[in-house]
1. Need the C-alpha centroid separation for the stretch B:192-206 versus the stretch A:21-86, integer Å.
2. Give the peptides A:86-97, B:256-267 in descending order of average Cβ contacts within 10 Å, highest first.
3. Which order, highest average first, do B:145-153, B:196-204 follow once you tally other Cβ atoms within 10 Å for each residue and take the mean per peptide?
4. Which whole number gives the average, over all residues in B:153-165, of C-beta atoms from other chains lying within 10 Å of the residue C-beta?
5. Report the trypsin sites (Lys or Arg not before Pro) located in the stretch B:29-79 that are in a DSSP loop and have at most 12 other Cβ atoms inside 10 Å of their Cβ, or state none.
6. Could you state the number of Å between the C-alpha centres of the stretch A:258-314 and the stretch B:279-301?
7. Which of A:Arg309, B:Arg165 has the fewest other C-beta atoms within 10 Å, and how do the rest follow up to the most?
8. Report the net charge of residues surrounding B:Glu271, where surrounding means a beta-carbon distance below 15 angstrom and charges are Lys +1, Arg +1, Asp -1, Glu -1.
Amino acid sequence: MLRYIGQRLAAMAITLFLIISISFFVLHAMPGSIVGDDPMIPQEVRKAIEAKYHLDKPLPVQYGYFLKDFLSFEFGTSLKVQPRVPVFNIIAEKLPITLQLNIFSLILTVPLGITFGIIAALKKNTRIDHTISTLTIFFISVPSFVFAAVMQYYMAFKWDLVPILLSTEPTLTWTKFKSMILPILSLSFSGIAGITRYMRAELCDALNSEYMLLAKTKGLSQVQATVKHAIRNSFIPLANIIVPMFLGILGGSMVVENIFSIPGTGSLMVRSINALDHPLSIAVLFFYSLIGLISILLVDLSYGIIDPRIRIGGRK
Amino acid sequence: MENREKVLQIKDLYITFNTFSGKVHAVRGVNFDLHKGETLAIVGESGSGKSVTNKTIMGILAKNANIEKGEILYNGKDLTKFNDKEFTKIRGSEISMIFQDPMSSLDPVMKIGKQITEAMLVKGNITKEEAKKKAIKLMGAVGIPHPEKRYEQYPFQFSGGMRQRIVIAIALACDPDILICDEPTTALDVTIQAQILDLIKEIQKERQISVIFITHDLGVVANMADRVAVMYAGKIVETGTVDEIFYDPKHPYTWSLLASMPDLDTDATDELLVIPGTPPNMLYPPKGDAFAPRNRYAMEIDFKEEPPMFRVSDTHYAATWLLHPSAPKIDMPDALKIRIEKQQERQVLQNETN
């Protein structure tokens, strides 16, 4: 097991290295310079700034400097978004609100998705199932920012039920929570739909399985057999999508955070890219990738706990 | 045999399935009785309605199935009128079933022990310890070594044959009177097959339960059954004791089945018959005898009118016009006759050496 985790961590390190390398080159391939083309900046100052950030050197040399800093955990300071503040601090400051949103959204997403999925599977090919499945496809297909904009317009602007933008209070109060409702909802819809669809498919499979037939012929009622055998079995593959869903929500929040002007990591990413603030962009990207890889690792490891076939079968 | 107690009576059972292309007539008027403590084998090719008949007895037909008419009498009650709740009461404790594929019929993430005791505990009036004791005893009885240790294991830690033993233990957990075996050895290799068949035989003798054995393997039938029912296109075409079916078959379909099966005496000079054509499409059940188009002894009437069950002896019935008094005398094919003679000779030899 330890060896397996070690292998996975090594693979993760290689993946991260590739991600930051590619993002370094992609970001530096963007047109424009951080110094800008302001004619008021004297030539010497421009030269000095470029020299300070090694921008006067060829790209491979810059990459060398970048790697050297990165490997010593020197992520650098922000250049433009919050000049001279270490990027690590900026992310740490923006993270709580993003996490709050995502956790609330997960709390909403997982139980609702599972419930709808179970209902749809049990009522397969009835009107209820068709309704749920149609809605599911609708909510999967429409991107979250469309919901965000539509809900913002109607629920907040027209009907005045909730605030239009996120409240700026530093702590989680009732007013702040109220202003978080719309972002949470718009982040959750596609997740709920995704889990519903997956749960329905898995449960339908399990309901038609031979072990359900045996469970029934040995004397369990349909309800007992469904709860004890079918649902239990369909939960296992579900772990496969719930953990990465956390990631999906992180990614989706980039746009949604901008719509509701939430000062989270998503909007930070967008701003840093627009401002050509490369150290910050790479740091945020690195952070996203790290969370992603860790969650995938957790999925794989969690299988060892929930699935006895791997838990016991994997032991040598 | 006839005066033994009848535990199950199936009368004129007719089952159809609604499909996109129309109504499939899967079972078209099946009649048979099951006596206490006997093994009835139902043979027939795929799609002849063997499994459907037995799924009806268990009440586990697919949702698109309709019981058009007929009744299944068990303890004076008609099972075709049962709802799922009533079926739940008798499943396991009165009628139980073993399926074809032991690899998929156990819940992969539940411990073996729990799967065996589950139904006992649901049926009530037994404590957890008693259930566990009983399960371990059962596991021993079906030939699982170290049952105490195996009790705590998962299905993936068992081989195919062991899993089928567990499935049998599960089916027996609530002491049923009737055990339906739906091709229990098809998915197993030959040596394991023999072990499982011996096990079922042994259990049947010990517990005096009635067994319905569905198979398309005639060798298994000869080994297991007391009586045989041959099904073709949703109907029973011939029924009789094992000896009657194997040594004195009357229906041309039974002839063809027996003549198409190689046995130990078959050598290069023997002829194996082939049944030409394919079974009829049950979306459009044929008029007359369903086997007529593939039957080289078919007469004009076979295409026009369905033959009734003709009585050969008290236990032996066959549905073929050849048994009608005014039908021409036709004997079974020579190849089959020679084979049966050889088999009988061998039987005699065996009995002598024993």
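Coordinate-derived values only; no laboratory data. As the structure is a computational prediction, the values presented were derived from the model and not from experiment. Note that we place each Cβ from the backbone using ideal geometry, even for glycine, and neighbour counts take in every protein chain shown.
1. Centre-to-centre distance over Cα atoms comes out at 80 Å.
2. Numbers: A:86-97: 17.4, B:256-267: 15.8.
Ranked from most to least packed, the peptides come out as A:86-97, B:256-267.
3. On the way: B:145-153: 13.9, B:196-204: 18.4.
Highest to lowest by the protection proxy: B:196-204, B:145-153.
4. On the way: counts 2, 6, 3, 6, 4, 0, 0, 0, 0, 0, 0, 0, 0.
Shielding by partners across B:153-165 averages 2.
5. Working: sites: B:Lys36, B:Lys50, B:Lys55, B:Lys63, B:Lys69, B:Lys77; in loops: B:Lys36, B:Lys63.
Here the trypsin sites (Lys or Arg not before Pro) that fit, given the DSSP loop and packing criteria, are B:Lys63.
6. So the two Cα centres are separated by 67 Å.
7. Details: A:Arg309 16, B:Arg165 23.
In order of increasing Cβ crowding within 10 Å: A:Arg309, B:Arg165.
8. On the way: positive: B:Arg296, B:Lys337, B:Arg339, B:Lys342; negative: B:Asp263, B:Asp265, B:Asp267, B:Asp270, B:Asp334, B:Glu341.
With Lys, Arg at +1 and Asp, Glu at -1, the net is -2.
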